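First comes the structure, then the notes that go with it.
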């Protein structure tokens with residue numbers, strides 16, 4: 001499996017990078033695409049497109065067919081990072097080891113680049129061919145839900161409010177609710193979309209939801225761990241930034257050792273959920289198990 | 001016709017207001033919906049939903065069926081106003097006679113409320129029932145295009161750049177290009193969407209495009225005229241704000257009298273384009289002719 005994975009993921013990541021560059025590479029009305037491309041083509045793990053494609057492979061489809069929807073998810077992710085970094089939001093100057101969009105192009109352009117990416121993502125996703133149109137409508141609608149006020153934007157609202165309200169600390173329960181929405185919802189959208197586009201039956205879709213929930217929690221816990229133990233060069237930002245902001249994290253709540261144990265437990269549950277695929281979900285398994293080893 | 005119009009538009013506007021209130025009225029994950037509702041339910045002409053419904057009627061459909069897509073357009077419009085008013089953008093404190101979203105909820109919430117509305121709009125639109133799913137995909141994709149970097153966001157970029165670059169003044173040609181994208185694209189999306197959802201044949205769709213282009217120009221010219229001659233109370237903002245910002249407008253370029261003549265000419269062309277509908281496009285005609293008489 002590992003040999004296949006070592007082949008699959010780099011080749012799929014390359015497809016994603018090429019598609020994103022091509023989609024945003026044409027002539028354009030204004031120079032907002034310059035800011036869009038600066039942020040969108042800055043590398044990144046392309047985790048959401050890869051999750052979508054790994055889920056589609058688990059359900060028996062050739063995942064390279066689903067590049068439009070997969071890349072739309074990456075465009076939504078990229079928009080959210082640009083807006084999160086704004087001075088009025090998290091006020092971060094660096095992203096992926098280079099200056100944040102608003103530091104290079106100014107605040108107005110960064111707001112507009114995010115807005116452009118979000119609308120553009122839907123145009124790209126709705127251009128997906130080769131699937132029944134009712135399936136496409138259902139899939140993109142689910143993605144819109146996960147990106148909106150009951151998903152990513154809702155989670156970011158809870159996070160920002162906690163950060164900007166003096167003396168307000170989230171409880172562990174609130175922290176989990178926030179993460180399930182802020183980062184978890186788009187992971188769920190990615191995994192579900194892969195299954196839906198591939199025509200997975202309900203039993204498999206339920207398993208994918210279960211996988212995605214545990215994947216999201218494991219991702220967040222390892223994120224908190226990396227903020228304490230990570231190599232700033234690999235992460236592209238300073239370590240310890242959560243602690244400096246006095247944010248509650250899985251590490252501050254449980255200690256490093258327990259947090260690591262919890263992350264492993266969620267990876268285990270994610271892998272367990274894949275049992276219904278009869279060994280065909282190797283790429284999803286690889287992505288989950290790799291969370292523990294990740295460096296950024 | 002006028003009797004029918006005096007009935008049609010208020011009743012349709014009421015349906016739109018009710019639908020928007022209902023869609024955003026449920027329980028929600030965070031309090032971002034408070035900021036969303038503050039801006040979305042603040043009244044407004046609901047011109048984009050009305051254009052969609054008037055076009056659908058022209059093509060022979062019962063337009064009340066298309067509330068989800070019609071209201072999605074209004075949500076996109078509302079998001080754009082929230083972001084346009086931000087300090088980093090146009091920096092306006094008032095909108096529709098009340099404090100702008102960011103003055104009430106702060107900048108972070110205003111950015112997030114706009115983001116929430118844009119994603120939410122696509123979820124609502126993709127919930128449209130009663131039309132073939134391939135028609136829905138094509139229609140919403142067209143709306144996404146018109147809202148994105150080659151439409152509304154691209155136009156706003158050109159506008160902001162001209163405003164924030166010292167000594168940069170748009171030529172009349174650039175001004176028209178900017179307006180065609182910034183406000184014209186969403187009008188075109190609205191009118192075309194109404195025709196597409198109603199199953200209008202290509203000849204009617206071409207006529208609707210022609211109508212929408214002229215409607216957009218007439219709208220923008222009367223907007224510029226109102227900025228000089230308008231009643232601040234009716235507009236909900238101070239008159240003369242363009243002149244204070246030293247913006248080129250149709251009035252500054254042509255003078256008031258010529259601008260009024262030009263607006264009437266575009267209304268005339270818009271109405272002329274409706275000939276293919278054999279007198280069935282009365283609502284679209286009413287909306288165009290009303291531009292000249294509008295007070296806000």
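The values are calculated or read from the model by the stated rules, or taken from the named source; none is laboratory data. Just so we're clear, the structure is a prediction, and the values are computed from it rather than from any experiment. No Cβ is skipped: glycine too gets one built from the backbone with ideal geometry, and neighbour counts run over all protein chains shown.
Checking each residue in segment B:272-296 for being at pLDDT 95 or above, closer than 21 Å to residue B:7 by Cβ and assigned to a helix (DSSP H, G or I) picks out B:274, B:277, B:282, B:283, B:284, B:285, B:286, B:287, B:288, B:289. Against the test of being over 18 Å from the mean Cα position of the chain (by Cα) and touching a residue at least 24 places away in the same chain (Cβ under 8 Å), the options B:207, B:108, B:212 yield a single qualifying residue, B:207.
Consider residue B:84 carefully, then state whether it is within 14 Å of chain A (Cβ to nearest Cβ), at pLDDT below 95 and either surrounded by fewer than 24 Cβ atoms within 10 Å (Cβ to Cβ) or within 19 Å of residue B:187 (Cβ to Cβ) (or both). No. In segment B:1-44, the residue that is surrounded by the fewest Cβ atoms within 10 Å (Cβ to Cβ) out of those that are within 12 Å of chain A (Cβ to nearest Cβ) and assigned to a loop (DSSP other than H, G, I, E, B) is B:27.
Taking segment B:282-296 as the range and being farther than 14 Å from residue B:225 by Cα and either more than 16 Å from the chain's Cα centre (by Cα) or surrounded by fewer than 20 Cβ atoms within 10 Å (Cβ to Cβ) (or both) as the test, the residues that pass are B:282, B:283, B:285, B:286, B:289, B:290. When the criteria are applied in full, residue A:14 meets the requirement of being more than 30 Å from residue B:165 (Cβ to Cβ) and modelled with pLDDT of 95 or more. Looking across segment A:96-107, the residues that are assigned to a helix (DSSP H, G or I) and surrounded by fewer than 24 Cβ atoms within 10 Å (Cβ to Cβ) come down to A:103, A:104, A:105, A:107. In this entry, residue B:71 is excluded by the filter for residues that are in contact with a strand residue (DSSP E or B) (Cβ under 8 Å, 6 or more places away or on another chain) and touching a residue at least 24 places away in the same chain (Cβ under 8 Å). Looking across segment B:155-182, the residues that are buried (at least 22 other Cβ atoms within 10 Å of the Cβ) and under 15 Å from the mean Cα position of the chain (by Cα) come down to B:155, B:156, B:178, B:179, B:181, B:182.
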